[in-house]
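These notes are about the structure you will find just below.
The values are calculated or read from the model by the stated rules, or taken from the named source; none is laboratory data. Quantities reported herein were computed from a predicted structural model and do not represent experimental measurements. Using ideal geometry, Cβ is built from the backbone for each residue, glycine included, and neighbour counts are taken over all protein chains shown. Each accessible area value is taken on the protein alone, full model and side chains, heavy atoms only, with ligands, DNA and RNA left out. Shrake-Rupley method; radii C 1.70, N 1.55, O 1.52, S 1.80 Å.
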Amino acid sequence: MSYLINSKTYFETLQSLKTAIKQAQLRAHVSVNRELVLLYWQIGSEILRRQQELGWGAKVIDQLSQDLAHEFPGMTGLGARNLKYMRKFVEEYSDYEFVQQVVARLPWGHNVVLMDKVSDKEIRQFYIQNAIEHGWSRNVMVMQIDTKLHERQGKALTNFKVTLPSITSDLAQQIFKDEYNLEFLDVEIGLHERQLEKSLVDNIKDFLLELGTGFAFMGSQYKLTVGGDDFYIDLLFYHTKLHCYIVIELKTGKFQPSYMGQLEFYLTAIDMDIKHESDNPTIGLLLCQQANKLVVDYSLKDKRQPIGVSKYKLSENKLPKGLEDALPSPEQFEHFFETIKKEND
């Protein structure tokens with residue numbers, strides 16, 4: 001028996017069973033969520049129908065909430081506010097089949113956020129599809145909505161259509177944004193490129209979230225040796241959907257055409273020395289603080305390697321150092337108000 005328990009086959013079997021149980025738990029959770037969303041749609045549909053047919057007012061929802069809560073004391077989500085969301089849910093999604101096939105794949109909390117924050121139905125569809133595809137949590141979805149992902153996604157200036165096979169060029173274009181929101185970095189505008197790079201690496205989880213699904217971080221100041229000389233890439237990633245390396249170079253100023261030469265060299269070196277024969281061509285992304293679209297278009301026109309140029313946005317709410325030092329600290333504020341309070345007492 002001890003031999004069996006310690007055998008490789010036993011542990012493989014144990015791992016297989018654990019995986020099967022976890023998958024079943026996940027399916028059960030998804031199923032419960034789907035049934036809850038569909039139930040809420042049915043409740044909202046009944047409320048809306050009665051209000052339209054019988055002219056019921058808002059007070060009826062308050063009464064329904066009390067009576068339902070009394071009948072089902074262990075069930076949450078029957079408050080008047082949530083019942084009103086159920087009615088709105090039906091108003092927003094009158095097609096029950098669409099709710100069944102698409103919307104019910106998102107948790108109810110996600111749907112409430114979408115109703116509150118996104119009024120345009122086409123834009124809302126964008127966030128529904130992305131939340132399902134990428135498994136966004138509610139907080140991540142809120143962040144993506146607040147930073148207007150739908151306006152940034154797929155809008156980077158690139159030459160992908162002429163440098164990548166058609167089967168991958170559209171996907172590559174969709175992956176890159178015209179502007180990356182780096183406000184999660186606690187840095188000042190005008191910092192040095194190496195400082196920006198270090199801050200991104202220190203906050204790599206947030207940066208990967210902003211980059212999007214599929215990016216795997218390979219390293220910063222990634223060393224390349226060509227002909228005995230050493231060169232260092234700012235940031236190197238591998239994209240699991242595009243099946244290629246992605247070189248990101250950071251520039252703290254405005255885009256300059258001269259930046260292209262260095263990036264092209266890095267792409268060639270990766271393709272020659274690191275890329276596997278099964279990988280697709282390496283893609284380069286220049287992240288600049290500013291970029292003139294016409295200048296970028298001209299610079300990309302005769303390039304034979306896939307390159308994109310995007311801007312990035314840092315927080316503009318930080319105070320200048322001199323002013324920060326001049327302001328009282330939170331402790332000083334607290335002491336000041338305590339002194340005032342004592343004088344008034």
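A compact table of results
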quantity: Restricting region 273-292 to residues that are within 16 Å of Ile246 (Cα to Cα) and of a type in the set (S, T, N, Q), the residue that is modelled with the highest pLDDT; calculated: Thr282
quantity: Exclusive hit being in contact (Cβ under 8 Å) with a residue 40 or more places away in the chain, within 18 Å of the chain's Cα centre (by Cα), surrounded by fewer than 18 Cβ atoms within 10 Å (Cβ to Cβ) and closer than 18 Å to Cys288 by Cβ, set Glu193, Glu179, Glu264; calculated: Glu179
quantity: Search result, residues across region 238-252 that are open to solvent by 30 Å² or more (accessible area, probe 1.4 Å) and either under 18 Å from Lys311 (Cα atoms) or assigned to a helix (DSSP H, G or I) (or both); calculated: Thr252
quantity: Matching residues, region 267-284, being surrounded by 16 or more Cβ atoms within 10 Å (Cβ to Cβ) and among the β-branched types (Val, Ile, Thr); calculated: Ile270, Thr282, Ile283
quantity: From Gln144, Gln129, residue being exposed (fewer than 13 other Cβ atoms within 10 Å of the Cβ) and under 17 Å from Thr213 (Cα atoms); calculated: Gln129
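So that you can scan it fast, the table gives a plain yes or no per residue for (1) open to solvent by less than 60 Å² (accessible area, probe 1.4 Å); (2) out of contact with any strand residue (DSSP E or B) (no Cβ under 9 Å at 6 or more places or on another chain); (3) aliphatic (A, V, I, L, M):
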residue: Leu39; (1), (2), (3): no, yes, yes
residue: Lys59; (1), (2), (3): no, yes, no
residue: Thr76; (1), (2), (3): no, yes, no
residue: Arg81; (1), (2), (3): no, yes, no
residue: Val112; (1), (2), (3): yes, yes, yes
residue: Arg152; (1), (2), (3): yes, no, no
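Residue-wise test of (1) more than 23 Å from Pro107 (Cβ to Cβ); (2) outside any helix (DSSP H, G or I); (3) under 36 Å from the mean Cα position of the chain (by Cα); (4) at pLDDT 90 or above.
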site	(1), (2), (3), (4)
Gln15	yes, no, yes, no
Ala20	yes, no, yes, no
Val32	no, no, yes, no
Thr76	no, yes, yes, no
